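See below for the structure under consideration.
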Amino acid sequence: MTISTRLTVLLGVRHPVLLAPMDVVADGKLAALVSGAGGFGILGGGYGDETWLTRELDAAGDARIGVGFITWSMAKNPRLLALALERRPAAIMLSFGDVGPHADKIKRMGARLICQVQTLAQARDAVACGADVLVAQGAEGGGHSVSRSTFPFVPAVVDAAPDVPVVAAGGVADGRGLAAALMLGADGVLMGTRFYASTEAAGSQAAKERIVAASGDQTIRSILFDIARRNVWPAPYTGRVLRNAFSEKWRGREAELMQHQDAEAARYNAARMAGDFDTAAVIAGEAVDLIGDIAPAAEIVRRTVEHAEVLLAGSSNRYRVVARA
């Protein structure tokens with residue numbers, strides 16, 4: 001059995017599983033491995049480091065991947081999109097901000113336009129700009145989002161954009177999430193935290209181990225880490241990370257942290273460089289409950305799809321439908 005959807009046909013892949021373009025963590029090697037396993041790897045262009053982007057595009061080689069950007073980073077440095085498009089990626093994924101100024105250029109170069117959205121208004125705007133795929137991102141996911149929950153948000157986006165493949169993101173880490181997303185009308189899933197805890201992800205081993213050990217109860221949405229990184233996002237965006245000593249010290253004291261930003265930013269940066277995750281953030285979502293090991297990326301793709309296939313085939317259902325008399 002294979003799971004074929006509009007997404008797999010559109011992207012030319014075997015499996016409806018996408019790698020989230022996590023800043024730095026989703027490097028060229030990881031993106032290529034996910035694509036090689038039949039999913040679709042998306043390189044994390046993130047905040048826009050030209051040197052890093054060029055190196056990781058080289059590392060991906062001839063793999064058929066996408067490249068993801070935080071949209072306002074491209075507004076600050078238009079060269080980023082040009083660098084990516086020169087390599088003829090299969091898709092460009094834009095998250096946050098206005099996709100309009102970039103959409104035509106992406107589509108003229110033959111790349112699919114994937115737009116990550118957090119509200120129905122954003123979904124409608126993305127469709128109007130020619131989005132080929134919508135990623136409906138719930139607040140359960142790691143990193144930045146708004147407030148909608150994945151479970152009700154995905155079918156709302158599906159209903160609002162019936163002609164565009166929708167991908168569920170936020171809180172998906174195994175075959176149950178993939179099967180549930182398909183039942184909600186989505187055409188696939190985008191996973192970040194699960195691939196962060198992969199053998200090949202470019203994150204710290206200590207961060208990966210924290211993901212495996214954590215519970216979703218130990219995540220928090222806040223702007224604390226953005227303040228410490230001197231990178232506060234505009235409202236209403238906040239970021240989900242694993243709670244640690246830093247978050248527990250400053251939670252509810254954001255204004256005070258701003259007053260001590262110079263000293264705390266220096267301390268935070270030193271901790272990040274040293275791999276001290278009692279201070280530095282591990283960006284991860286509520287799906288950490290579902291992650292029990294650090295596994296090869298190809299194995300993660302295989303497990304996810306095979307588990308979903310079993311569930312969709314009904315062989316492990318724990319319910320039955322009884323006809324009414």
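The values are calculated or read from the model by the stated rules, or taken from the named source; none is laboratory data. Computed from a predicted structure; not experimentally measured. Note that each Cβ is placed from the backbone with ideal geometry, even for glycine, and that neighbours are counted across all protein chains shown. For the accessible areas, the whole protein counts, side chains as well, though only heavy atoms, and no ligand, DNA or RNA atoms are used. Shrake-Rupley method; radii C 1.70, N 1.55, O 1.52, S 1.80 Å.
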Hey, among Arg230, Arg251, Arg240, which residue is on the phi > 0 side of the Ramachandran plot and either open to solvent by 40 Å² or more (accessible area, probe 1.4 Å) or at pLDDT 95 or above (or both)?
Arg230
One residue from Ala186, Ala202, Ala173, Ala168 being under 24 Å from Met93 (Cα atoms), within 13 Å of the chain's Cα centre (by Cα), in a loop (DSSP other than H, G, I, E, B) and modelled with pLDDT of 95 or more:
Ala173
List, please: which pairs have Cβ atoms under 7 Å, are six or more places apart or on different chains, and start with a residue in the range 148-162 that is farther than 23 Å from Gly239 by Cβ and end with one that is open to solvent by less than 40 Å² (accessible area, probe 1.4 Å) and β-branched (Val, Ile, Thr)?
Val158/Val166
Report, ordered by the first and then the second residue, all pairs with beta carbons closer than 6 Å, sequence separation of six or more or different chains, a first member in the range 123-136 that is farther than 14 Å from Asp187 by Cβ and at pLDDT 95 or above, and a second member that is charged (D, E, K, R) and open to solvent by 30 Å² or more (accessible area, probe 1.4 Å).
Gly130/Lys107
Spot the failing condition for His144; the list is (1) under 18 Å from Ala168 (Cα atoms); (2) of a type outside the set (D, E, K, R); (3) free of Cβ contacts under 8 Å to residues at least 60 places away in the same chain, and only one is missed.
(3)
How about the range 22-58: which of its residues are open to solvent by less than 30 Å² (accessible area, probe 1.4 Å), assigned to a loop (DSSP other than H, G, I, E, B) and on the phi < 0 side of the Ramachandran plot?
Val25, Ala26, Asp27, Ala37, Gly39, Gly41, Gly45
Filter the range 26-46 down to the residues that are within 13 Å of the chain's Cα centre (by Cα), over 19 Å from Phe96 (Cα atoms) and of a type in the set (A, V, I, L, M, F, W, C) and list them by number.
Ala31, Phe40
Within the range 3-38, track down each residue that is touching a His at 6+ places or on another chain (Cβ under 8 Å) and under 13 Å from Asp187 (Cα atoms).
Ile3, Thr8
Residue under question is Leu85, and the condition is that it be closer than 16 Å to Arg112 by Cβ, part of a strand (DSSP E or B) and not aromatic (Phe, Trp, Tyr); does it hold?
no
